[in-house]
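Student: Provided herewith is a single structure, encoded as structure tokens, for subsequent inquiry.
The values are calculated or read from the model by the stated rules, or taken from the named source; none is laboratory data. Note that the structure is predicted; figures quoted are calculated from it, not measured. Methodologically, a virtual Cβ is constructed for each residue, glycine included, from the backbone with ideal geometry; neighbour enumeration extends over all protein chains shown.
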Amino acid sequence: MNYGQMRNLRTGQVIAEQVWIADSYWTRLLGLLGRSELAPSKGLWIKPCRQVHMIGMRFSISVWYLDKSGQVCGIIDELHPWKVSPYMRKALSILELPVGWGEATNTVLGDKLVWEENPVGNP
């Protein structure tokens, strides 16, 4: 599985130190199901994706919609279990992070995020 980190270009801050990519049918379908929590500074980047469901989830998450350039075009900072997020046509991917992470990292609509590969051996 691909691991890396996400950086906010406006603030220069690494907003998630350990992000894994879900880009196959099975990894996108599974998502965070089966987990009991999402630790601080960890996340899942689902691509392509314009909507997520929380059916079967045991905890709330923050859902960030990203467009083709990595610009944040939507944030739901607390999506609860058994809910479905809105469909966002403009989005091409979704970043799932710990609940409240938008506020915690001062990330706002329009911020651009960039993916950075983690050094080898540091998943």
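Student: Mind telling me which of the residues ARG50, ARG35 ends up being closer than 21 Å to VAL72 by Cβ, in a loop (DSSP other than H, G, I, E, B) and out of contact with any Asp or Glu (no Cβ under 6 Å at 6 or more places or on another chain)?
Tutor: Residue meeting the stated conditions: ARG50.
Student: Within the stretch 66-74, can one find any residue that is in contact with a Ser or Thr (Cβ under 7 Å, 6 or more places away or on another chain) and either within 17 Å of LEU33 (Cα to Cα) or of a type outside the set (A, V, I, L, M) (or both)?
Tutor: No - not one qualifying residue is present in the stretch 66-74.
Student: Name the residue that is farthest from THR107 (Cα to Cα), counting only residues in the stretch 57-89 that are outside any loop (DSSP other than H, G, I, E, B) and aromatic (Phe, Trp, Tyr).
Tutor: The residue in question is TYR65.
Student: Now a separate question. Run down GLN5, GLN13 and say which single residue is in contact with a strand residue (DSSP E or B) (Cβ under 9 Å, 6 or more places away or on another chain), closer than 20 Å to LYS112 by Cα and surrounded by 15 or more Cβ atoms within 10 Å (Cβ to Cβ).
Tutor: GLN5
Student: Out of the residues in the stretch 40-71 meeting the condition of being among the small types (Gly, Ala, Ser) and at pLDDT 95 or above, tell me which one is surrounded by the fewest Cβ atoms within 10 Å (Cβ to Cβ).
Tutor: SER69
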